[in-house]
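Step one of this worksheet: look at the structure below.
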Amino acid sequence: MPQTPDELYAALAQGTAQPPTDPRLVGAIRQRVVDAQRHTDPDVRQDALQVCVSMISMGGLEWMYAFAEDPDPALREKTLDAAFAAEPEGMAIVRAFIADKNPDLSLRVLAALTERLEPTATTRVRSLLGADDARVRAAAAHLLGYIAGQVVRPQLDRLVREDPSEQVRWSAQKALQRIEGTLPRTDPKPWRAQDVSTAPSTPEPDTVQAKTAQPRDLPAIQPDTTADTTGDEQPAPSAGESLMALGTGHAPEASGVATVHAMSPHAVSEQLASLRERSDVDSLIVAAHAVNVLGRASYANDVKRQLTHSDPRVRAASAHAVATLGGPAVLPALARLLADPDVDVQSAAIHAVAKGAARHNVAHMAKQWLSPLTAKEGPLADLAADALASLTDS
């Protein structure tokens, strides 16, 4: 049994010791990891990574963040492997590799996010549309087709018109079709290279049924009973179905979008209330996304109440909607999420604070809240720095 912190550290690096529970020993091991992460010898840093893995039950997963910026590509790859092995908790570290210098690592992350349909990744994925590697640009466009809304259309249109890679142009075109609703957004598959010279330009036969399928793992909203179902033609989507489609990101046909936008504010409020009354996580997330897409500021206060929900996915989704629609008074509530215990909520809050401050011309408030984050280590510091830069540029 190791007796000293140094002996324990060496044993943890070899995988032959159990993690300590004494807070003083945990702190000592943590400090040795921090020191080793700055060492010039990659073998020393690799030992530190193994210590993090051995200490996952005592916070070691959080210690691994620094390795996302390690200069050694092999060590970054081992870190990504360890993060994937620690799912689902490890996904926070997986996301830190989304823009890795090694395009193969970036592609692995994009594939994982595609399979999981992670809408909180939209902002960072959009930045990859300008990546040097054509495969990364194509995979990023592919993912945005599943998780993004109309706001990414200009970037995707530009890729379709101007990108030198045929693969990227193809992927961007398919993404636009998914956003428009002419291709399904259910059952996503990671991007892979296509033979674009022979690939069909119309949806595959099995996509016709997929377009009208109920989204996976999401609550089915009760459809209206007033739709005319006589005759051979399919009825137009009901208000409830169209609202659900907006909220899940599974864009309905144009008539369905028109159905929702033609609804009276009272009717929309009733449909949103029916979602919120269920109180389950999926319904609240759908409500937040739907409010965001509808773009009606009168609904922002209802979503604001969800910023304190117990589930981090609800808090993150609601932050995006509140930032898009809320007035200046909601900014302090968004800023409080910068200290949220969940890294995805913190990420959403960084973007939300910057977006809300830019909308209301109060960039100085965002800088006051975001600047302290840039002094910390890890990917959130980079996100905060990017957000501050966007405020400076705007």
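The values are calculated or read from the model by the stated rules, or taken from the named source; none is laboratory data. This is a predicted model, so every value here is computed, not measured. All Cβ positions, glycine included, derive from the backbone under ideal geometry; neighbour counts span all protein chains shown.
Where residues in segment 17-39 are within 16 Å of residue 57 (Cβ to Cβ) and of a type in the set (S, T, N, Q), which of them is surrounded by the fewest Cβ atoms within 10 Å (Cβ to Cβ)?
Looking only at segment 17-39, we keep the residues that are within 16 Å of residue 57 (Cβ to Cβ), and these are 17-23, 25-27, 29-30, 33.
Now drop any that are not of a type in the set (S, T, N, Q), which leaves 18, 21.
Working: 18: 12, 21: 9.
Once the filter is applied, the top-ranked residue is 21.
Would you check if residue 119 is within 17 Å of the chain's Cα centre (by Cα), farther than 19 Å from residue 155 by Cβ and at pLDDT below 90? Working first, answer last.
On the way: within 17 Å of the chain's Cα centre (by Cα): yes; farther than 19 Å from residue 155 by Cβ: no; at pLDDT below 90: yes.
For residue 119, the condition - within 17 Å of the chain's Cα centre (by Cα), farther than 19 Å from residue 155 by Cβ and at pLDDT below 90 - is not met.
Cβ-Cβ contacts under 8 Å between residues 6 or more apart (or on different chains), taken from a first residue in segment 306-317 that is touching a residue at least 40 places away in the same chain (Cβ under 8 Å) to a second residue that is not in a helix (DSSP H, G or I), are listed as 316/342.
Candidates 72, 47, 81, 41: the one that is over 29 Å from residue 112 (Cβ atoms) and of a type in the set (Asp, Glu) is 41. For segment 159-192, filtered to residues that are of a type in the set (A, V, I, L, M, F, W, C) and modelled with pLDDT of 90 or more, the residue that is surrounded by the fewest Cβ atoms within 10 Å (Cβ to Cβ) is 160. Looking only at segment 140-183, count how many residues are part of a helix (DSSP H, G or I) and over 14 Å from residue 122 (Cα atoms). Of the residues in that region, 20 qualify. Only one entry in 137, 126 is surrounded by fewer than 21 Cβ atoms within 10 Å (Cβ to Cβ), under 20 Å from the mean Cα position of the chain (by Cα), in a helix (DSSP H, G or I) and in the same structural domain as residue 158 (by TED's automatic domain parsing), namely 126.
Of all residues in segment 55-63, one or more are crowded, with 17+ Cβ neighbours inside 10 Å, outside any helix (DSSP H, G or I) and either at pLDDT 95 or above or touching a Pro at 6+ places or on another chain (Cβ under 6 Å) (or both).
Restricted to helices (runs of 4 or more DSSP H) entirely inside segment 343-394, those with at least 2 residues that are under 17 Å from residue 96 (Cα atoms) are 343-359, 379-393. Residue count for segment 1-51 satisfying the condition of being in contact with a Lys or Arg (Cβ under 8 Å, 6 or more places away or on another chain) and not in a helix (DSSP H, G or I): 1.
Please go through segment 333-364 and pick out each residue that is crowded, with 18+ Cβ neighbours inside 10 Å and farther than 17 Å from residue 124 by Cα. I'd like the intermediate steps shown before the answer.
At the first step, the residues of segment 333-364 found to be crowded, with 18+ Cβ neighbours inside 10 Å are 333-335, 337-338, 340, 343-357.
333, 334, 335, 337, 338, 340, 356, 357 - these are the residues of segment 333-364 that are crowded, with 18+ Cβ neighbours inside 10 Å and farther than 17 Å from residue 124 by Cα.
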